[in-house]
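Please read the structure below before turning to the comments.
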Amino acid sequence: MGRVSTTPRRTVVALAALTALLVSGCAKGPGGAPLAGSPSPSSAAPSPTPTPTSADPAARATALVRTLADEDLVGQVLMPYAYGSSATTVSPGSAAGNRALAGVDTPAEMVAKYRLGGVILVGFSADDPTSGNQATTNVDNPKQVRELTTGLRAAAGKLPAGPAPFLIGTDQEYGVVTRVTDGVTLLPSPMAAGAAGKPALTEAAWRAAGAELAAMGINLDFAPVADVLVTRSTVIGSRSFGADPAVASAQVAGAVRGLQAQGVAASVKHFPGHGLSATDSHKDLPVIGQSRAVLDGTAFPPFRAGIDAGAMAVMSAHLDVQAIDPGTPATFSHKLLTDVLRGQLGFQGVVITDGMNMPPAKRWSPGEAAVRALTAGNDLILMTPNVSQAYDGLLAALRDGSLPRNRLVEAVTRVLTMKFKLADRPTPELAGLDSPEHRRAAADLAAAAVTVLRGRCGGPVTGPVTVTSSGGRDRTRATLTQALTAAGMKVVSSGGTVVHLVGYGDDADDLRADAAVTVAMDTPYVLASAKSPTLLATYSSSRASMTALARVLAGKARPGGRSPVAVTGLPATTCGT
């Protein structure tokens, strides 16, 4: 999909006109009744404008915004999570969670009461650095997700903004942050793609991913991660394509094109670059102390590449960027989001906050935080810790003027424009998930990623193999055992040539001194402490990555990857250039 843009002059003129109309329009309460203190409908309400037949998303958004009441405008910029694996039927525990979050029992009731623009689906994976702000899980398998998204869309379709497709997003990054894991094609991690260094393979793999997300009813992926991994980090780590801005830029662009070719909006993150700090923004406010020159030359290029590839959204991050707006998290920084992201990088699409339930955003109440984020230049407020308070705070700020109406109208127009860009596409069938074609795309990318950092480049491991691993990786060990057997190698429970697996969060204590081969299935930094004569990296523990590893160990494939991050004392590869 080519770059998606709108004509700046047309957008400015349309927004100016809309601002004037909406400022003069009457605010309406539930059921359409004028709110106290609002101008009377006869003197101020704009006459409804039918949706034009034009296919232009910006024109459709502009027309729809004119018809929306204040409550609808506010709801369209909110994208919370909800409790429950169904839109309309939930457990008592999920109902209690929704009541605490939004004063309703079910996700469908939340959509209706607050006239929401979207909902994020949340969940956990085994080695998940984002688990701290995942309050619940509502993803289980593709059939359940499809039923949930269908129910959410049915509720949203009854709203005044119903003609625009409801946004349903999730963090399907692949690797350690993967929300839907069962019944889908699992790509290798972004760092594996960076090691492969073949953007065409990345684009093909993410095209498969986009098709599967669309089949489940998900039309917004909070991916790819555009952070350049300047510092060794467990919060970003293998979620990044690597430490080289040029490599990361090409990979980000490929992932964006792949997703959006299937009608799933990409949201590149975490602007302006979480890879510049090892501090976890799920726990604290990271300080980005690098110079503006480093930001321009290192952090910004992948975001610019994603924008140039047509990314419909960018996620802002809770980062204190000292060189531009010291002391203010980027999520709340007009200088970063409006002056830099829009003014200097030229982004025209939707800016989405990182989770507002994270500590750096909770220094303010949910209502004040939402107002501050919107005023800074965000268009969607993600994962507020209290939907009622965020909604009421935005509505009150709109009414008293502390939230400029033209800023809200601009944000809603952008959100609706993105929605209409995603409109009118048929939902693929679930039967296409984890298809041979999709598995082949994942396998090709995983195979190109396998890297030798010490030892011979190619050639089989001699003798029978014993597969061991650090704690808690029994499933991955079994997957590799199956793949080795399929590749014609004999695997024994003990006494063979030891192939030892390490992964996310492992350190020198998790290595095995007698291992002939040590394999890093996440960031490869731990290999600097390994004594094995052969060191390999797959950067991922997916089935595709374990199959690719088995073929290398069996001498049936040549490992062509290059480590996308520097590992102390080791080359990027021993396999030449």
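Taking the longest Cα principal axis of the chain as reference, the axis of helix 245-261 is set at about 60 degrees.
Return one number: the angle in degrees, 0 to 90 and rounded to the nearest 10, between the long axis of the Cα atoms of helix 57-66 and the longest principal axis of the Cα atoms of the chain. Result, in degrees: 40. For the peptides 72-83, 482-493, residues were scored by their other Cβ atoms within 10 Å and the scores averaged per peptide; the highest-first order is 72-83, 482-493.
Under the classification rounded if a/c is under 1.5, otherwise prolate if a/b is larger than b/c and oblate if not, where does the stretch 434-573 fall, given a ≥ b ≥ c as square roots of the Cα gyration tensor eigenvalues? Taking the square roots of the gyration eigenvalues as a ≥ b ≥ c, the stretch 434-573 is rounded. Packing-based ranking of 228-240, 98-110 yields 228-240, 98-110, ordered from highest to lowest mean Cβ neighbour count within 10 Å.
Its relative contact order, with pairs defined as Cα atoms under 8 Å and 6+ residues apart, puts the stretch 369-416 at 47 percent. Counting Lys and Arg as +1 and Asp and Glu as -1 over every other residue whose Cβ lies under 13 Å from the Cβ of residue 117, the net charge comes to +1. Using C-alpha pairs under 8 Å with a sequence gap of at least 6, the mean separation divided by the residue count of the stretch 393-547 gives a relative contact order of 23 percent.
With contacts taken as Cα pairs under 8 Å and at least 6 residues apart, the chain reaches a relative contact order of 15 percent. Extension gain, residue 406 to residue 96: 0.36 nm times the residue separation minus the Cα-Cα distance gives 107.9 nm. Note on residue 339 and residue 88: the extension gain reaches 86.1 nm, defined as 0.36 nm multiplied by sequence separation minus the Cα-Cα distance.
Note on the chain: antiparallel DSSP beta bridges, both residues inside, total approximately 15 percent of the bridges counted. When a/c is below 1.5 the answer is rounded, else prolate if a/b is larger than b/c, else oblate, so apply that to the chain with a ≥ b ≥ c taken from the square roots of the Cα gyration tensor eigenvalues. Judged from the Cα gyration tensor, the chain comes out prolate (a/c at least 1.5, a/b above b/c). Ligands, DNA and RNA are left out, and with a 1.4 angstrom probe the accessible area of the chain is 35 Å² per residue.
Grab the other residues whose beta carbon is less than 14 angstrom from that of residue 81, score K and R as +1, D and E as -1, and report the net. Once all neighbours under 14 Å are counted, the net charge is -1. Going by the alpha-carbon gyration tensor, a ≥ b ≥ c the square roots of its eigenvalues, is the stretch 460-524 rounded (a/c under 1.5) or, if a/c is not under 1.5, prolate (a/b greater than b/c) versus oblate? The shape class here is prolate. Here the calculated FRET efficiency for residue 365 and residue 462, from their Cβ-Cβ distance with R0 = 60 Å, stands at 0.40, rounded to the nearest 0.05. Among the protein heavy atoms of the stretch 401-467, carbon and sulfur supply 50% of the accessible surface, probe 1.4 Å, non-protein parts ignored. For the chain, adding -39500 (n - 2.57) for each run of n ≥ 4 DSSP H residues and dividing by the number of residues yields -11000 deg cm²/dmol at 222 nm. In terms of the mean number of neighbouring beta-carbon atoms within 10 Å, the peptides 548-556, 427-435 order highest first as 548-556, 427-435. Between helix 92-102 and the chain, what is the angle of the helix's C-alpha long axis to the longest principal axis, kept within 0 to 90° and rounded to the nearest 10? That helix lies at roughly 60 degrees to the long axis.
Counting only residues at least eight positions apart within a chain, or on another chain, the lysines with an alpha carbon under 27 Å from that of residue 198 are 269, 556.
The values are calculated or read from the model by the stated rules, or taken from the named source; none is laboratory data. As the structure is a prediction and not an experimental result, all values here were calculated from the model. Using ideal geometry, Cβ is built from the backbone for each residue, glycine included, and neighbour counts are taken over all protein chains shown. Surface accessibility is based on the protein's heavy atoms, side chains included, excluding ligands, DNA and RNA. Shrake-Rupley method; radii C 1.70, N 1.55, O 1.52, S 1.80 Å.
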